[in-house]
1. Please indicate, with yes or no, whether at least one residue in region 1001-1017 is assigned to a loop (DSSP other than H, G, I, E, B) and among the acidic types (Asp, Glu).
2. So, in region 785-844, how many residues would count as being among the aromatic types (Phe, Trp, Tyr) and not in a strand (DSSP E or B)?
3. Is there any pair with a first residue in region 785-805 that is open to solvent by 10 Å² or more (accessible area, probe 1.4 Å) and a second that is basic (Lys, Arg) whose Cβ atoms are under 6 Å apart and which are 6 or more apart or on different chains, and what are they?
4. Sort out which residues of region 1090-1130 are among the hydrophobic types (A, V, I, L, M, F, W, C) and within 27 Å of the chain's Cα centre (by Cα), and write them in order of number.
5. Return the residues of region 646-673 that are part of a loop (DSSP other than H, G, I, E, B), surrounded by fewer than 20 Cβ atoms within 10 Å (Cβ to Cβ) and not hydroxyl-bearing (Ser, Thr, Tyr); say none if nothing qualifies.
6. Would you confirm whether or not region 569-577 contains a residue that is touching a Cys at 6+ places or on another chain (Cβ under 8 Å), surrounded by 15 or more Cβ atoms within 10 Å (Cβ to Cβ) and closer than 22 Å to Ile780 by Cβ?
7. Counting just the residues of region 748-766 that are open to solvent by less than 10 Å² (accessible area, probe 1.4 Å) and of a type outside the set (Ser, Thr, Tyr), which one comes out nearest to Asn679 (Cα to Cα)?
8. Any residue in region 617-636 that's charged (D, E, K, R): show its pairings with residues that are open to solvent by 10 Å² or more (accessible area, probe 1.4 Å) at Cβ separation under 9 Å, as long as the two are six or more apart or on different chains.
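The values are calculated or read from the model by the stated rules, or taken from the named source; none is laboratory data. Fair warning: this is a prediction, and the values are worked out from it, not measured in the lab. Every residue, glycine among them, receives a Cβ derived from its backbone with ideal geometry; neighbour counts consider all protein chains shown. Quick note on the areas: whole protein, heavy atoms, side chains included, nothing else; ligands and nucleic acids left out. Shrake-Rupley method; radii C 1.70, N 1.55, O 1.52, S 1.80 Å.
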Amino acid sequence: MSTAGFNAQNGTGKGQAYANGPSQNPGVNYNMTHQPTYNQMQAKAPAPPGPGLYPSGPYQPVPPVSSYQPGPPLTSYPSAPGQSPLSRPPMAGLASHTPPQSASPSPGPRLPPAQATPPPPPAVSSSSYYPSPQQPMAPAWQYNTAPPPPMGPSASMVTPPRGPPVNHVNPAASAAAVPVPPPPPSSAAYSTAPPPHMSQSATQPPGPVLPPTSLHGYTQPGAAPPPMNPVAPHTYQPSRPGYGPPPTGPPPSGPPPTMKPTPPPTGPPMANATPPPPRADGAVAGNGPQATNNYNHVDNNMGGLTQPGPPGRHLGHYPSLPPGYQNTSAPHAPSPMHPAMQAATQPYTQAPQPYQQPPGGPGMAQLSPSLAAMSLQSSTPESLRVVNLLQERNLLPPSPVPAPTPCLPQDLQKVNCHPEVFRSTLTSIPQTQSLLNKAKMPLGLLLHPFKDLSQLPVVTSSTIVRCRSCRTYINPFVSFLDQRRWKCNLCYRVNDVPEEFMYNPVSRSYGEPHKRPEVQNATIEFIAPSEYMLRPPQPAVYLFVLDVSHNAVETGYLNVFCQSLLDNINALPGDSRTKVGFITFDSTIHFYNLQEGLSQPQMLIVSDIEDIFLPTPDSLLVNLNECKELVQDLLKSLPTLFEKTMETQSALGSALQAAFKLLSPTGGRMSVFQTQLPNLGVGALQSREDPNQRASAKDIQHLSPATDFYKKLALDCSGQQVAVDLFLLSAQYCDLASLGCISRYSAGSVYYYPSYHHQHNPAQVERFQKDLKRYLTRKIGFEAVMRIRCTKGLSIHTFHGNFFVRSTDLLSLPNVNPDAGFAVQMSIEENLDDMQVVSFQAALLYTSSKGERRIRVHTLCLPVVNSLSDVFAGADVQAITGLLACMAVDRSVTASLSDARDAMTNAAIDSLTSYRQSVLTIQQPGLLAPACLRLFPLYTLALLKQKAFRTGTSTRLDDRVFAMCQLKYQPLSYAMLMIHPALYRLDDLTDEGALNISERTIPQPKVLQLSVEKLSREGAFLMDAGIVMYLWIGRNCHPNFLTQVLGVPSYAAVPENLYLLPELDTAESQRTRAFVGWLRDQRPFFPSLHVIRDESQLKASFMQNMIEDRTESALSYYEFLLHVQQQISK
């Protein structure tokens, strides 16, 4: 199998890596000489016979084979097309194919990392994610790319502190440079929105500093547990090493201060923490066109005028507190609430808290309470409770699974970034790459950077304070050495506090920089000064490109679109400069002159689709306010204009070229509506789907694009700040694998409505209407770029989502919307020995629809641990599943679907094998997992049965490709419902445990296991699968439910295509509608509802989501557990 696909994730097959998926550095050819780490795709066993991954007959044990397959070491990009296949195909997102961000590739041969397991005998290869113990590796899923540093004693043993751990300050970096005079103070306006959690994390007192192991959430055996009283929130951070006062005398000589668990940053990690190489011109690397508005150097260039100071002072040298910081009593910490609940009930709403310094200055007394928040009892934490998966069937919690809380002091966790915005697959970061390799779990981050937030602090300031070395934005997890100096939490450089930053706009006080909103909130937005602009901010520009062929008119979508835009035209985001335009197309391209002064819109037809031109360039995009009446006239007449058309051809490619020419001067958003396979002119496609092979083929063909036309056009669009959103409404195959590239590489979105018809499919029409309203009115950011930075020693090597990677680590997002998610894979390049916490920061620079240049910054902080049990204790099973799904999508496209399926299975097998061999102290029979990973095999099986990856079930190619798009692009909370739907019983809803939201009572039924044994013919069950909901009515359903909720007298009277719950004036109806409405309100898209009976056509779709049950081609959950156990026990 050729692996050429890896060279071309964003390019053609010729190695020009445009870098959207796994490959990452456009135009840069890296020889991957550094070691492939966390290689997640090694063989466990050959896939058993049968149409799917598992045998279709009765379950038979698979003959024992080796877990790992020897293969040639992979030292560069994969072989060219046509070469003999390697023994293990590569997975998308291979670390070994993507350059690390922060360090240059380490020299030397790639050696497999040492592993704890003995090498098994050679066997037939499949795929896995991990490096094989003592053998060179064939290409496979690799999570990380740094050579593992030598591991001393076993990772699971507690390493004694080697002297006081020292802050990671490079003496050279912190040596004094020429001081820059601070700017004069200017008034800083601060918006009145209440800031997010406002307490600042406390710093660590002098005294013996605990090794990072103490962060794992329980004390080592033999150590007395620290007292459990909660910590007082501390805001001022005199040099994070101690809780003490800021120094006032001359700086003492001596080693830099030890580092306290720096408060966790709350936001996505920012690009790597080492300073990026200087780029004077900001030119685009790679094959895409030069961007008109390239903010590459802007993001690196401006920050507060800060100057380095001497290295931090030694802990013992803090004199007494200066005036203003003395003798304040410590406030009572609020009673700790479950972090998941706290997150749910008050996202970003905590009020600012005054700084309170405990009396008596720093001392050992403050250490214990601080670490108390991180320590449970000396017993094993709940996340490491041993669960025998073969014996405990009811593992699914009755309510949605909350994100785990990092083991940080309470004051740090209080200001940490919300997990819905930023979360890591591991909430405890391993100290070394070899420890990460041993854990066999992927390290990565999942981001939702532009999420709609109820509370967002907005700061207007002429000085945005940033680290002079790595350009990190000041955040709650930096250390203040004194009032005039702060230490960066990513690169440890000491910076000066600018004069303006000394004034606090919230309290209107001077001299308390640690109380500024920037240092109190993990998520914050800045209104950027002119230094962050390369041109005046662009206006909001919306261009609609509409298919008006016979097929399109038949579907009836044009009426819905025109009516929806008429209804929402005044709600389009923008200002007085907003522009709109329209293009329609069939076999020719139609433009619309909407110039002010015309009595009616003027249609201009261009029939030369081979050499497209703009007939009147100045009057096709018009100011919405000035020409609103003409626009409304056009929308009213469009549906009737083409109702008699017999034109069946579709010149989509030419229409996109015309739209690109129209939008290029300004940038903006292109919304494309298409109902058939484009079959004329450039970009014409032919059907590649063979319906006879939908179910039988073990490997699915045609998951990759048929042409690079759409990708190249998308890169041109990205260079001109144009994003393309695709609405596909079709009953036939449309080759979404090819068409989707136009959105994927331009940071757009794909909406798919299979079998859309205005009469035959009313549920899809309702979904299209609701989606369109959200799409037209939601917030939008233009000409955006995003960079993720992380603490020195960590590096980011692969990105997932819709974007174009510009210059190694800068994501180009011509449009950014609040419903887009991103994921990144990371590796540990340097040992994190002397750190107790690491930080990640994501900064999104964008132009608002009102023409303001803004920067949204999220910072996340996580503890560093040095034992394998602590790494496992911090595993976030949903984040791991979400990241694996992204990697599997890439693997399916670049290698094969069967490879991706094997890789996902082996991910579960390998992590549980590592847990059994290296963490469990008492070996016992059964399939054992830590409580935090108890759902991992279930989620893995759910992925194998998900529409994107399933085999043996007839799945339309476009449906499969759309499911893959969703997994890569949806934020984690929405993607998890598509992977593992939620099942509820609705016929016995009560108010017990109900929520009260805006005077509505929302019942909270239990989440049930996805198995037919949970269904009852006497009941009614709702399945929430993300973009669709099914309400299954049992044949003997209680008549009360039928009459009170559905308004029908009997089961037989339930209509065949019921998709609306009638509004009846009964308590049962109100409860049911309140619950379904509440579920819908929690996501930005609109899930359609289908009421189904046993005879319904959709019953098969409902039953396919019963993940725990056996199907003809896939194992039941119990059989899958037996398979996993068999592989582990080899």
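1. Checked region 1001-1017: no residue is assigned to a loop (DSSP other than H, G, I, E, B) and among the acidic types (Asp, Glu).
2. The total comes to 1.
3. Pairs found: Asn802/Arg744.
4. Matches in region 1090-1130: Met1106, Ile1107.
5. Met646, Glu647, Gln649, Pro665 - these are the residues of region 646-673 that are part of a loop (DSSP other than H, G, I, E, B), surrounded by fewer than 20 Cβ atoms within 10 Å (Cβ to Cβ) and not hydroxyl-bearing (Ser, Thr, Tyr).
6. no
7. Only one residue tops the list, namely Gly748.
8. Between residues of region 617-636 that are charged (D, E, K, R) and residues that are open to solvent by 10 Å² or more (accessible area, probe 1.4 Å), the close pairs are Asp618/Gln595; Glu626/Glu596; Lys628/Asn570; Asp633/Gln600; Asp633/Pro601; Lys636/Leu566.
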